[in-house]
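No value in this document is a laboratory result; all are computed from the given coordinates. Predicted model only: the values in this text are computed from it and were never measured. Glycine gets a Cβ as well: all are built from the backbone with ideal geometry, and neighbour counts include every protein chain shown.
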Amino acid sequence: MSDKSSSQSKPSKGIPEFKAPLLDHAWTHMPKGIRQTVSSEPTIPAIAAQAKVIAAQNPDFIRSDQGQVVGILPDNEVYYGPSSGLEELRELVGRFWTYAYRLKNKPGISPQGLDKKNVAIVSGATEGLSIVMHLFAFQKNVGLMPLYWSNYKGIILNAGGNPVVIKFFNEDYKIDFKNVERIIKKNKITSLLINFPNNPSGDVLTDEELQQLAALARRLNLIIISDEVYNFIRYKGEPQSMLSFAPERTVVISSASKEYLIPGARVGYVIAAEEMFTNSWMPKLIRSFSSSPNVLGQRILLDILKDEVRDLEEGRSPRIITEIKEELKIRCDLIISILQEKGFELAGRDRDFPSGAISVLARLPQDIKLDDKAFVEKALELKKFSAVPASVFGAPGCIRFGYAGMTQETIMKFSKNLQDVLDSIRKKR
Ligand SMILES: Cc1ncc(COP(=O)(O)O)c(C=O)c1O
């Protein structure tokens, strides 16, 4: 059965009706030009796909469809890859997701879990978010969960949408679902962009909250774009994906940037239970956004993921990411004890230790009467350290300290440099 026939019914007057909320929503909200792109059947990729198969079986077959120079410096040639990424990698990402987030036999997902058709490789999560926003955000209000990665607003605006930060949490840092629903209705919000474990705080949403969010999305016909770039970097509890809770209306965006330490390789993934989204629409969109993701970066990840997926399938913790997590936890512990000793308080939901990700969010000590931007400027001016003023994430008065980019030794040195900055600010009063 083709992708189309499984998800689309009763085409009338050229307007398809989709059974799946994800496709229906995207189709209804995407601009006309994008509709044309996703409905097109581009000739070149179709010929290339056919030629690749024929060439593999017929040694005398000659390919003259390719737009690249070959045979001059053979050792330096890097071929274009398929628009939605190397098939083998897509398959591995699908299996990683299936085992890591227990997606077999979940309603709304195929009983075997996800495979390559559920995955499109993109040039980092950033490109994934950008393309997906072009489908859901155009002339719409997109709800952002606080705290939010500072790039989200630009990505939504570029896609012609309008970011609306929703006050998600009450004083006790619990999700106030009544208020969230009220704001969504008032602002006619049609999709939500959530992120857990969260940048900057490392916060996660509980299973119960994810369940309630899924119910809310169904009730209000929302699409959830779930940024899960740090999903396996968890220090507490079992990792979950939003796909487990609302597969029919979730698009997951993730990447190897953080979990496998290769942001420069630019390998991200867009994952959805609906194959037509990832296997048909995404390749056409990627082709017109960036042609294809980085082939060299994908090869690096392929080598890593083969072993990681084998570990998962055989019931072990994936070795590489587990090692990464253990080291990050030590660094996180170190920096937290330094920050607390100097009067900073953790400012996320977890007041003792973040649930995951690679940075901590800390509130400036009460006697430091500078705002977060001025504090970071001071640290830079004194040439002691850099950090990010968390007003850019929607948390004024707080600082994001990224501990992943510092070794344990550097974190120990950071303690003295931080003290020097605090002393200098206090002396000036
Ligand atoms: C929450 C979040 N999403 C997405 C990204 C971008 O990831 P990538 O390097 O894969 O584009 C970042 C990078 O900092 C991030 O923190």
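State, to one decimal in nm, how far the label point of D423 lies from the label point of N105, with both points 7 Å from Cα in the Cβ direction.
Distance between label points: 6.2 nm.
In terms of the ratio Rg/(2.2 N^0.38 Å) built on C-alpha atoms, what value belongs to region 320-427? Provide the component values of the computation, followed by the final result.
Details: Rg = 13.4 Å, N = 108, 2.2 N^0.38 = 13.0 Å.
That ratio works out to 1.02.
How far, in degrees from 0 to 90, does helix 207-220 lean away from the longest principal axis of the Cα atoms of the chain, to the nearest 10?
It works out to around 60 degrees.
Report the charge-dipole magnitude of region 320-427 in Debye, nearest 20, computed about the Cα centre from +1 at each Lys and Arg Cβ and -1 at each Asp and Glu Cβ.
Rounded to the nearest 20 debye, it is 280 debye.
Starting at the first residue of region 266-274, write each ³J(HN,Hα) from the Karplus equation 6.51 cos²θ - 1.76 cosθ + 1.60 with θ = phi - 60°, in whole Hz, x for Gly and Pro.
Each residue of region 266-274 in turn: 6, 10, x, 9, 10, 10, 8, 6, 8 Hz.
Could you tell me the center-to-center distance, by alpha carbons, between region 34-66 and region 125-162 in angstrom?
32
Of the listed peptides 358-367, 94-103, 69-78, 45-54, what is their order by residue-averaged count of other C-beta atoms within 10 Å, with the highest listed first?
Put in order of decreasing packing, that is 94-103, 358-367, 45-54, 69-78.
Starting from the exponent 0.38 and prefactor 2.2 Å, build the expected Rg for region 74-313 from its residue count and divide its actual Cα Rg by it.
0.98
Provide H29, H134 in ascending order of the number of other Cβ atoms located within 10 Å of each residue's Cβ, fewest first.
Fewest-to-most ranking of H29, H134: H29, H134.
Any idea what % of Cα-Cα pairs in region 190-251 are farther than 17 Å?
34
Going highest first, how would you order 419-425, 240-246 by mean Cβ packing within 10 Å?
Per-residue mean Cβ counts within 10 Å order the peptides as 240-246, 419-425.
Only Lys, Arg, Asp and Glu count, each charged at its Cβ (+1, +1, -1, -1), so figure out the dipole size of the chain about its Cα centre, rounded to 20 debye.
Magnitude of the dipole: close to 1400 debye.
Counting alpha carbon pairs within less than 8 Å and at least 6 residues apart, what relative contact order, in whole percent, applies to the chain? Can you show the working numbers first?
Details: 752 pairs, mean separation 75.2, N = 429.
Taking the mean separation of contacting Cα pairs over the length of the chain, I get 18 percent.
With a cut-off of 8 Å between alpha carbons and a minimum separation of six or more residues, what is the relative contact order of region 74-313 in percent?
With pairs under 8 Å counted, the relative contact order is 28 percent.
Considering only DSSP beta bridges whose two residues both sit in the chain, what percent are antiparallel, to the nearest 5?
Working: 22 of 39 bridges.
Within the chain, antiparallel bridges account for around 55 percent of the total.
For S191, list long-range residues whose amide hydrogen, built 1.01 Å from N in the peptide plane, is under 5 Å from its own amide hydrogen.
The answer is G143, I223.
Restricting the calculation to Cα positions, tell me the Rg (one decimal) and the Dmax (whole number) of the chain in Å.
Cα-based Rg and Dmax for the chain come out at 23.1, 82 Å.
Starting from region 313-353, pick out the trypsin sites (Lys or Arg not before Pro) whose DSSP state is loop and whose Cβ has at most 16 other Cβ atoms within 10 Å.
When the trypsin sites (Lys or Arg not before Pro) of region 313-353 are filtered for loop state and at most 16 Cβ neighbours within 10 Å, R316, K342, R351 remain.
Rounded to the nearest 0.05, what FRET efficiency is calculated for Y79 and E41 with R0 set to 25 Å and r the Cβ-Cβ distance? Each step should come with its number before you reach the end.
Working: r = 23 Å, r/R0 = 0.92.
E between Y79 and E41, to the nearest 0.05, is 0.60.
Any chance you could get the radius of gyration and Dmax over the Cα atoms of region 75-205, in Å?
17.8, 61
Once the piece of chain linking T322 and S288 is laid out straight, how much longer is it, given 0.36 nm per residue of separation minus the C-alpha distance between them?
Details: separation 34, 0.36 × 34 = 12.24 nm, distance 3.66 nm.
Between T322 and S288, full extension yields 8.6 nm more.
Tell me which trypsin sites (Lys or Arg not before Pro) from region 128-233 have a DSSP coil assignment and no more than 15 other beta carbons within 10 Å of their own.
Sparse-neighbourhood loop trypsin sites (Lys or Arg not before Pro): K167, K174, K188.
Could you give the spread of the C-alpha atoms of region 231-327 along their three principal axes, from largest to smallest, in whole angstroms?
40, 34, 22
Over the Cα atoms of region 244-396, what is the Rg over Rh ratio if Rh follows Kirkwood?
Numbers: Rg = 20.1 Å, Rh = 19.1 Å.
Rg/Rh for region 244-396 comes to 1.05.
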